[in-house]
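The structure appears below as structure tokens.
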Amino acid sequence: MRLAVVGNPGNRRVALFTAAVERAGLPAPEVHPWRDVLLAGTVPGPESTVRIDSPGEDAEVGRLLRELGSGGPVRAAEHGEITGSADAHAGLARALARIEAGGGHLLNRPEDILCMSDKPRCHARLAAAGVPVPAALPGPIRDYASLRSAMHDAGWSRVFVKPSHGSSASGVVALAAAGSRIAATTSVELSGGRLFNNLRVRRYAAEADVAAIVDGLGPDGLHVERWFPKAGLGDRVLDLRVVVIGGEPGHVVVRTSRSPMTNLHLGNARGDVAAVRAAAGEAAWSAAMQTCARAAACFPDTLQVGVDLMFRVGWRDHAVAEVNAFGDLLPGVLADGRDTYQAQVEALCSLSRGHHA
Ligand SMILES: Nc1ncnc2c1ncn2[C@@H]1O[C@H](COP(=O)(O)OP(=O)(O)OP(=O)(O)O)[C@@H](O)[C@H]1O
Ligand SMILES: [Mg+2]
């Protein structure tokens, strides 16, 4: 088996996957930088078993994706600036098509990656398979006015507004609204008419600010869900990131927060899995793990996915916030003594033994 990774060479996932491969006694994977895929069109090719990793966290790769998607030059984004996510997604589709055309055994199916990075599509796929998800407003919602009128029609006063092609809580707004009384919680910072991600989650109470944020995000597409009241422990709400590898939910991180956004890079804290499991009870816990497996089964040709699972206050019920194509970075979390990367290498070694048997 000749392993290859398409990724950003400085990325921690690439390093940890490489380490897991070497630890299994296999030759180190060939790394194909996204930059080269996008600039020179180099792709792994038919002899390779290919892990496609995140193109994120690299400003130049981000710009190249947006250019590929829009078909022309784009303005360089400033650090943290939220811009061009629809173009970046279109560019990713083209780049993945090139990789697919190059052949090889792809460990994550391009079509699945694209679905998972398109929140309305991912939500629709999960809902169609009977996986519990929060209710969503029918789209398209392109600005603040259409958001408020769709909320009014649905009779909802509390929603989560998410950029269709976002990740890491970028552009996510938790919104409670009644007439012109409004409270929005988000990591978006408004500055000079542009939108930036900020590591500090802030609250906006002025309708004009919230309207400016939603109007700024709208043109790239929005997915709006009813606010699901998350269960918590103590004074923190929580959700789970569950990595499902080869159909098995094994690695779990609890993400806890005093704000409605639990993402760990926002200064939130990991919680205690055993404490959550005890609070939920065995029946609710195993139902939740089954839901994660069913969510992953919506992407059957993809080796691993990261499912975000929310328990409802009271623990009787749960819903999937989304499924992530690049959600397996859970440093230090082991299942059966293996981290998420070792578990993937193990799964693909047993796959290839199966093929040759
Ligand atoms: N409908 C909802 N109701 C309540 N909370 C929600 C809802 N949808 C998402 N959240 C919360 O919002 C945060 C970000 O959500 P989500 O995972 O959908 O977006 P993301 O930007 O792709 O983040 P991630 O990097 O975690 O995948 C999480 O804390 C999640 O629990
Ligand atoms: Mg995500």
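The single condition from (1) within 15 Å of ligand 2 (Cβ to nearest atom); (2) outside any strand (DSSP E or B); (3) surrounded by fewer than 21 Cβ atoms within 10 Å (Cβ to Cβ) that T262 fails is (3). Cβ-Cβ distances below 7 Å connect the following pairs, each with a first residue in the range 307-326 that is closer than 14 Å to V276 by Cβ, a second residue that is of a type in the set (F, W, Y) and away from ligand 2 (no atom under 15 Å from the Cβ), and a separation of six or more residues or different chains: M310/F228; R312/F228; H318/F311. Looking only at the range 21-40, residues that are under 20 Å from S350 (Cβ atoms) and touching a strand residue (DSSP E or B) at 6+ places or on another chain (Cβ under 8 Å) come to 4 in all. The numbered conditions (1) more than 14 Å from A325 (Cα to Cα); (2) among the aliphatic types (A, V, I, L, M); (3) in contact with a Pro (Cβ under 7 Å, 6 or more places away or on another chain) are all true for L96 except (1).
Quick one: is A280 touching a strand residue (DSSP E or B) at 6+ places or on another chain (Cβ under 7 Å) and within 15 Å of ligand 1 (Cβ to nearest atom)? Against the criterion (touching a strand residue (DSSP E or B) at 6+ places or on another chain (Cβ under 7 Å) and within 15 Å of ligand 1 (Cβ to nearest atom)), A280 does not qualify. Taking residues in the range 162-177 that are within 8 Å of ligand 1 (Cβ to nearest atom), and partners anywhere that are among the aromatic types (F, W, Y) and assigned to a strand (DSSP E or B), the pairs with Cβ atoms closer than 7 Å and at least 6 places apart or on different chains are V172/F160; A174/F160.
For T42, are the conditions met, namely being touching a residue at least 24 places away in the same chain (Cβ under 8 Å) and assigned to a loop (DSSP other than H, G, I, E, B)? In short, no. Scanning the range 188-224 for residues that are touching a helix residue (DSSP H, G or I) at 6+ places or on another chain (Cβ under 8 Å), over 16 Å from S164 (Cβ atoms), crowded, with 16+ Cβ neighbours inside 10 Å and of a type outside the set (A, V, I, L, M) yields one hit, Y204. Residues that are under 25 Å from Q344 (Cβ atoms) and among the polar types (S, T, N, Q) were ranked within the range 267-324; the one that is surrounded by the most Cβ atoms within 10 Å (Cβ to Cβ) is Q304. Of everything listed in (1) free of Cβ contacts under 8 Å to residues at least 40 places away in the same chain; (2) of a type in the set (K, R); (3) surrounded by fewer than 18 Cβ atoms within 10 Å (Cβ to Cβ), the single unmet condition for R148 is (3). Where helices (runs of 4 or more DSSP H) sit wholly within the range 87-190, none has at least 1 residues that are in contact with a Lys or Arg (Cβ under 7 Å, 6 or more places away or on another chain), outside the structural domain of G306 (by TED's automatic domain parsing) and of a type in the set (V, I, T).
For the range 24-34, indicate whether the set of residues that are part of a loop (DSSP other than H, G, I, E, B), touching a Phe, Trp or Tyr at 6+ places or on another chain (Cβ under 9 Å) and surrounded by 16 or more Cβ atoms within 10 Å (Cβ to Cβ) is non-empty. Checking the range 24-34: at least one residue is part of a loop (DSSP other than H, G, I, E, B), touching a Phe, Trp or Tyr at 6+ places or on another chain (Cβ under 9 Å) and surrounded by 16 or more Cβ atoms within 10 Å (Cβ to Cβ). Among the residues of the range 300-357, the ones that are within 16 Å of ligand 2 (Cβ to nearest atom), part of a strand (DSSP E or B) and not polar (S, T, N, Q) come to 11 in all.
Considering only residues in the range 225-251 that are aliphatic (A, V, I, L, M), part of a strand (DSSP E or B) and more than 16 Å from ligand 2 (Cβ to nearest atom), the one that is farthest from the chain's Cα centre (by Cα) turns out to be L233.
The values are calculated or read from the model by the stated rules, or taken from the named source; none is laboratory data. Keep in mind the model is a prediction, meaning the values are calculated, not measured. Because the Cβ atoms are built from the backbone with ideal geometry, glycine has one as well, and the counts that use them run over all protein chains shown.
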